[in-house]
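> Quick one: this structure, given as structure tokens, is what I'll be asking you about.
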Protein chains: 2
Amino acid sequence: MKDVAARAGVGLKTVSRVVNGEPGVTPDTERRVQEAITALGFRRNDSARILRKGRTASIGLVLEDLADPFYAPLSRAVEEVARAHGALLINGSSAEDGERERELVLALCARRVDGLVVVPAGGDHRYLEPEIAAGVATVFVDRPAAGIEADTVLSDNFGGARAGVAHLIARGHRRIGFIGDLPRIHTAAERLRGYRAAMAGAGLPVDESWVALGPTGPDRVRADTERMLADRGPGPVTALFTANNRVTVTVVRVLAGRQRRVALVGFDDFELADLLTPPVTVVAQEPALLGRKAAELLFRRLEGSGDAPQRLELPTRLVPRGSGEVPPQP
Amino acid sequence: MKDVAARAGVGLKTVSRVVNGEPGVTPDTERRVQEAITALGFRRNDSARILRKGRTASIGLVLEDLADPFYAPLSRAVEEVARAHGALLINGSSAEDGERERELVLALCARRVDGLVVVPAGGDHRYLEPEIAAGVATVFVDRPAAGIEADTVLSDNFGGARAGVAHLIARGHRRIGFIGDLPRIHTAAERLRGYRAAMAGAGLPVDESWVALGPTGPDRVRADTERMLADRGPGPVTALFTANNRVTVTVVRVLAGRQRRVALVGFDDFELADLLTPPVTVVAQEPALLGRKAAELLFRRLEGSGDAPQRLELPTRLVPRGSGEVPPQP
DNA sequence: CTGAAAGCGCTTACAG
DNA sequence: CTGAAAGCGCTTACAG
């Protein structure tokens, strides 16, 4: 910039004015400055600008896995809102590891992102307190934070799961299995609570062999599914409720290889669910809407909204397609 | 940092040493500085650090759509490599718009990212010349850049498409339709070239009504598919080659609603392809590998490799599953 | 082992 | 309409 000023024979401030399109420069001066800029290949260094202005016009997004078909649209929605506000998006995957989440979040804070959208993986977010106190707006999405008060956008995991299981009960099922994610994950726990509420609401007992929680890798899910389908103790389950899209996909594979028809309702919609045999009934969330709402809340904070932390809960939608309407088979 | 120094009764440089874990500080001094840091809630401002050091330890990724099931794993792979090198990832979607790509790339350059991985959308990348000259390492992935020399990582689009179409020809198909993306997109053009090469190689004529190019939205693809399946002129096609995963998914939907069985081979693998009826034969690429190779190449440049620009071409793999083995039906 | 000075490339506040 | 000075928060190069 100094070089540009020297070449154009003007002061630094004038170059700054031209670069930022500020008023108060004669057309003639402006032309001279523009010429110097192109001749020297000048490109403004935003690092310096950021240092001086305080705002970075960038926000951070930390989620579990950028490549997961549930989080990818969420991420894209956050990006679109950021773009509409002239901000860039820095994002990273926590891989469901609390320590990695913390490292990422703190790295983003050190870069002085204006705000943060976080899908929490860790079990304690008090490490964020100094950052929030220092002015980093933070919104949690998909799951609530632990240990601090902050804006949060969630789906109705409890209600959605309860409705899905009630749907199976209404079709005559009495022995219904639940295959879910790690119980420390909020969404997994809420969906399990929904399952239990639906069963209890219908006066049905839950045999604990019908509940399987754990990592969503195919091996574990396959093993648990096969165990539940085997005839043991209280009789095999006639229906399954799968608590997220990764689990559902694996269970669909297991069921595809079997004679006996077992009813299935899955939490989370997924592409091509309607073209499977039978088409898969799901409790659908809207990942893009979660992302959009979270980002909008974030920018409202950045614009100075001083309301108390908000908690939004988005509804889910039961989509009957066939697999959830299979009657109980002996 | 000034406050910390004052409170600890030391110089600025000593605080800097402690914050960066540099040697040459007595344990006692270090303790005093640490106390001041926690008491004041000091957090290093990386913007200032970046301004001084020159390197930002961040790279940019610009692709078509973060939420696309093809690009999401590519993006995740780039993130993992960046993480291994201690860098953050800033990314954005161009939405297949050359102007938006340019804006994003230039915004990333203004932030002085150390390097750039780009899936080009625009048709002219000379705007990047000054940036590259200024030292921003750039790698293009999935598609080559136009108008400049740069490192590039591609799939074997031509060979993959030719093999897929040859597979259909070997099953006895003579009238094969091609449904592809916009012809200005490099991958789309290459795959079409592969189709034509396979047909020509078998001495088969191509009726131009069998070739449909355009945006990959469901309406256009559905209309073109239905048109090709209708009996007209040279007779209806008995097989279709779909040139990317978005197109394939729509065509699967169209075929699912029809009596006559039509063979199908799609470019790009996709989740659940093996559970459809019939399971879908595909020419698979490895999006994560594309991303990983591109990012590795980028970091090799950042470490100072001065070789001539490289062009990597990754092989594709034909995965027969059923839909591509359907014989010709009248 | 420790620190004062200069500077990274901008913007802010002010004066002409 | 234009510019000189100070400063954003660090690090670098140097001296003690």
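The values are calculated or read from the model by the stated rules, or taken from the named source; none is laboratory data. Bear in mind that the values here come from a model prediction, so they are computed numbers and not experimental data. So basically every Cβ, Gly included, is an ideal-geometry build from the backbone, and we count neighbours across all protein chains shown. The accessibility values were calculated without ligands, DNA or RNA, using every heavy atom of the protein model including side chains. Shrake-Rupley method; radii C 1.70, N 1.55, O 1.52, S 1.80 Å.
> Being away from every other protein chain (no Cβ under 14 Å) and more than 27 Å from residue A:228 (Cβ to Cβ) is true for just one of A:165, A:118, A:113, A:136. Which residue is that? Even if it seems obvious, please write down each step before you answer.
Numbers: A:165 fails: more than 27 Å from residue A:228 (Cβ to Cβ); A:113 fails: away from every other protein chain (no Cβ under 14 Å); A:136 fails: away from every other protein chain (no Cβ under 14 Å).
Exactly one residue qualifies, and that residue is A:118.
> So which pairs qualify, if the first residue must be in segment B:201-228 and farther than 14 Å from residue B:175 by Cα, the second must be exposed (fewer than 15 other Cβ atoms within 10 Å of the Cβ), the Cβ gap must be under 6 Å, and the two must be at least 6 apart or on different chains?
Pairs found: B:213/B:183.
> Moving on. Only one of A:220, A:301, A:260 is outside any loop (DSSP other than H, G, I, E, B) and at pLDDT below 95; which? Full working, then the answer.
Working: A:220 fails: at pLDDT below 95; A:260 fails: outside any loop (DSSP other than H, G, I, E, B).
Criteria check complete, one pass: A:301.
> If a residue must be open to solvent by less than 10 Å² (accessible area, probe 1.4 Å) and not hydrophobic (A, V, I, L, M, F, W, C), how many such residues does segment B:80-133 contain?
8
> Kindly indicate which of A:38, A:29, A:56 is hydroxyl-bearing (Ser, Thr, Tyr), closer than 30 Å to residue A:18 by Cβ, more than 16 Å from DNA strand D (Cβ to nearest atom) and not in a strand (DSSP E or B). I'd like the intermediate steps shown before the answer.
Details: A:29 fails: more than 16 Å from DNA strand D (Cβ to nearest atom); A:56 fails: more than 16 Å from DNA strand D (Cβ to nearest atom).
The conditions single out A:38.
> Of the conditions (1) over 11 Å from the mean Cα position of the chain (by Cα); (2) at the interface with chain B (Cβ under 9 Å from one of its Cβ atoms), residue A:102 fails just one. Which one is it?
(2)
Rundown of residues vs (1) touching a residue at least 24 places away in the same chain (Cβ under 8 Å); (2) open to solvent by less than 20 Å² (accessible area, probe 1.4 Å); (3) within 15 Å of the chain's Cα centre (by Cα), yes/no style:
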| site | (1), (2), (3) |
| --- | --- |
| A:275 | no, no, no |
| A:278 | yes, no, no |
| A:289 | yes, no, yes |
| A:306 | no, no, no |
| A:318 | yes, no, no |
| A:321 | yes, no, no |
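> Still on this structure, please answer the following. Of the residues A:193, A:171, A:162, which single one is basic (Lys, Arg), in contact with a helix residue (DSSP H, G or I) (Cβ under 9 Å, 6 or more places away or on another chain) and touching a residue at least 40 places away in the same chain (Cβ under 8 Å)? First the steps, then the outcome.
On the way: A:193 fails: touching a residue at least 40 places away in the same chain (Cβ under 8 Å); A:162 fails: touching a residue at least 40 places away in the same chain (Cβ under 8 Å).
None of the others qualify; the one that does is A:171.
> For segment B:10-28, which residues satisfy the criterion of being surrounded by 15 or more Cβ atoms within 10 Å (Cβ to Cβ) and among the β-branched types (Val, Ile, Thr)?
So the first thing to find is which residues in segment B:10-28 are surrounded by 15 or more Cβ atoms within 10 Å (Cβ to Cβ), and the list is B:10, B:14-19, B:25.
Scanning segment B:10-28 gives B:10, B:14, B:15, B:18, B:19, B:25.
> Here are the criteria: (1) within 28 Å of residue B:317 (Cα to Cα); (2) part of a loop (DSSP other than H, G, I, E, B). Tell me which single one residue B:148 does not satisfy.
(1)
> Follow-up question, since we're still on this one. Taking segment B:88-135 as the region of interest, how many residues are assigned to a strand (DSSP E or B) and in contact with a Leu (Cβ under 7 Å, 6 or more places away or on another chain)?
The total comes to 8.
> I'm told residue A:50 meets every condition in (1) away from DNA strand D (no atom under 16 Å from the Cβ); (2) within 9 Å of another protein chain (Cβ to nearest Cβ); (3) among the β-branched types (Val, Ile, Thr) except one. Can you identify the failing condition by its number?
(1)
> Restricting attention to segment B:41-52, report how many residues are more than 7 Å from DNA strand C (Cβ to nearest atom) and not in a loop (DSSP other than H, G, I, E, B).
4
> Have a look at B:7, B:55, B:31 and point out the one that is more than 28 Å from residue B:111 (Cβ to Cβ), surrounded by fewer than 16 Cβ atoms within 10 Å (Cβ to Cβ), more than 9 Å from DNA strand C (Cβ to nearest atom) and of a type outside the set (Val, Ile, Thr).
On the way: B:7 fails: surrounded by fewer than 16 Cβ atoms within 10 Å (Cβ to Cβ); B:55 fails: more than 28 Å from residue B:111 (Cβ to Cβ).
B:31 is the lone residue from the list that is more than 28 Å from residue B:111 (Cβ to Cβ), surrounded by fewer than 16 Cβ atoms within 10 Å (Cβ to Cβ), more than 9 Å from DNA strand C (Cβ to nearest atom) and of a type outside the set (Val, Ile, Thr).
> Find all pairs meeting these conditions: Cβ atoms under 6 angstrom apart; at least six residues apart or on different chains; first residue within segment A:49-62 and touching a residue at least 60 places away in the same chain (Cβ under 8 Å) and in the same structural domain as residue A:106 (by TED's automatic domain parsing); second residue open to solvent by less than 10 Å² (accessible area, probe 1.4 Å) and part of a strand (DSSP E or B).
Within 6 Å, the pairs are A:59/A:115.
> Can you name every residue in segment B:2-26 that is of a type outside the set (Lys, Arg) and either in the same structural domain as residue B:111 (by TED's automatic domain parsing) or part of a helix (DSSP H, G or I) (or both)? Give the steps one after another, and end with the answer.
Start the filter on segment B:2-26 by keeping residues that are of a type outside the set (Lys, Arg), which leaves B:3-6, B:8-12, B:14-16, B:18-26.
Listed by number, the residues that qualify are B:3, B:4, B:5, B:6, B:8, B:12, B:14, B:15, B:16, B:18, B:19.
> For segment A:58-73, what are the residues that are more than 7 Å from chain B (Cβ to nearest Cβ) and open to solvent by 40 Å² or more (accessible area, probe 1.4 Å)?
Residue satisfying the conditions is A:64 alone.
> Restricting the search to segment B:83-94, which residues are within 9 Å of another protein chain (Cβ to nearest Cβ) and aliphatic (A, V, I, L, M)?
The answer is B:88, B:89, B:90.
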